[in-house]
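Student: Mind having a look at this structure? Questions to follow.
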Amino acid sequence: MHALQGSLFDQTDEIRLGPLSPLERTELGAGAWVDRLPGWLTGADALFEHLAAEVPWRAERRQMYEREVEVPRLLAFYGAGDPLPHPVLTEAREALSRHYAPELGEPFVTAGLCLYRDGRDSVAWHGDRHGRSATEDTLVAILSVGDPRDLVLRPRDGGPTLLRLPLGHGDLVVMGGSCQRTMEHAVPKTARAVGPRISVQFRTRGVL
Ligand SMILES: O=C(O)CCC(=O)C(=O)O
């Protein structure tokens, strides 16, 4: 794993969330939208170091045609009721649940964590369409720490990439409305010398 290139703007060890009021929404069409709040969390480098060391990261393998291949990132999953690996993540989940209650109507309950060790780690184009999100609108909120990686979004039925969002260092992005059904997202591999990034995805009950 490359060393983390810490943020020049966030040298504090105090891990703290800011207000959610500066969130900015971008409508993507067909009922899909994305909310963004760069730098929601300060002390992001300290949280990165804590999560990298303390989370029981798993390497997964999956079947690709005749071959079993390594999933190119490390993973961890915290189900409803599981204690999260840092109290600020519980705070984040609760703040997001309160903020989005009027349009979501239910709380965020699970947290999926991904560790992208370097530019060779990635996630391919997909929508989070397992479970209820196959047929219902939902929200997926992602808090990122570590070196920024691009999250890219494109329409599911073809068409060019609509958004390229560099996410790291405490940035928050929320994909909402029909986004998981009508759009796809990915974190592409990059040849740039990037350090590691951890993303924490908060989802509602029964959405994977
Ligand atoms: O790393 C990210 O921000 C995206 C992760 C993702 O798309 C997923 O795990 O479904």
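The values are calculated or read from the model by the stated rules, or taken from the named source; none is laboratory data. Just so it is clear, the model here is predicted, and its values are computed rather than measured. Backbone-built Cβ (ideal geometry, glycine too); neighbour counts: all protein chains shown. Note: areas computed on protein heavy atoms with side chains; ligands, DNA, RNA excluded. Shrake-Rupley method; radii C 1.70, N 1.55, O 1.52, S 1.80 Å.
Student: Using label points projected 7 Å from each Cα along Cα→Cβ, tell me how many nm separate V152 and E60, to one decimal.
Tutor: Those two pseudo-labels are separated by 2.2 nm.
Student: Something else now. Rounded to the nearest 10 Å², what accessible area does E54 show when all protein chains are kept and the probe is 1.4 Å?
Tutor: Only protein atoms counted, so the area is about 120 Å².
Student: Let me ask something else about it. Expressed in nm to one decimal, what extension gain is obtained for the pair E94 and R192 from 0.36 nm per residue of sequence separation less their Cα-Cα distance? Walk me through the numbers on the way to the answer.
Tutor: Details: separation 98, 0.36 × 98 = 35.28 nm, distance 3.52 nm.
That pair, E94 and R192, stretches by 31.8 nm at full extension.
Student: Can you figure out the FRET efficiency of E136 with R67, using R₀ = 22 Å and their beta-carbon distance, to the nearest 0.05? Write out the running numbers ahead of the final one.
Tutor: Numbers: r = 34 Å, r/R0 = 1.56.
Here the calculated transfer efficiency is 0.05.
Student: Give, in nm to one decimal, the length gained when the segment between E24 and A53 is fully stretched (0.36 nm per residue of separation minus the Cα-Cα distance). Don't skip to the answer; put the middle values down first.
Tutor: Numbers: separation 29, 0.36 × 29 = 10.44 nm, distance 3.24 nm.
Value of the extension gain: 7.2 nm.
Student: Of all the accessible heavy-atom surface of the chain, with the other protein chains kept in place and a 1.4 Å probe, what percent is carbon and sulfur?
Tutor: On the way: 5290 of 10020 Å².
The nonpolar share, carbon plus sulfur, comes to 53 percent.
Student: Then there is this: Taking θ as phi - 60°, what are the ³J(HN,Hα) couplings along segment 23-30 by the Karplus curve (6.51, -1.76, 1.60), each to the nearest whole Hz, with x for Gly and Pro?
Tutor: Karplus-based 3J(HN,Hα) across segment 23-30 equals 3, 10, 9, 10, 7, 10, x, 6 Hz.
Student: In Å², and per residue, what accessible area does segment 26-203 have when probed at 1.4 Å with the other protein chains present?
Tutor: Numbers: 7690 Å² over 178 residues.
Ligands and nucleic acids excluded, the figure is 43 Å² per residue.
Student: Which values, in whole Å and largest first, are the semi-axes of the equivalent ellipsoid of segment 50-208 obtained as the square root of 5 times each eigenvalue of the Cα gyration tensor?
Tutor: Semi-axes from the Cα gyration tensor: 23, 20, 16 Å.
Student: Can I ask one more? Return the sequence-ordered ³J(HN,Hα) values of segment 116-129 in whole Hz as given by the Karplus equation 6.51 cos²θ - 1.76 cosθ + 1.60 applied to θ = phi - 60°, using x for Gly and Pro.
Tutor: Along segment 116-129, the couplings run 9, 6, 7, x, 7, 7, 6, 9, 6, 3, 6, x, 7, 10 Hz.
Student: Sticking with this structure for a sec: For the chain, what is the mean residue ellipticity at 222 nm derived from helices alone (per DSSP H run of n ≥ 4: -39500 (n - 2.57); sum divided by total residues; nearest 500 deg cm²/dmol)?
Tutor: Details: 3 runs with 33 residues, N = 208.
After summing the helix terms and dividing by residue count, I get -5000 deg cm²/dmol.
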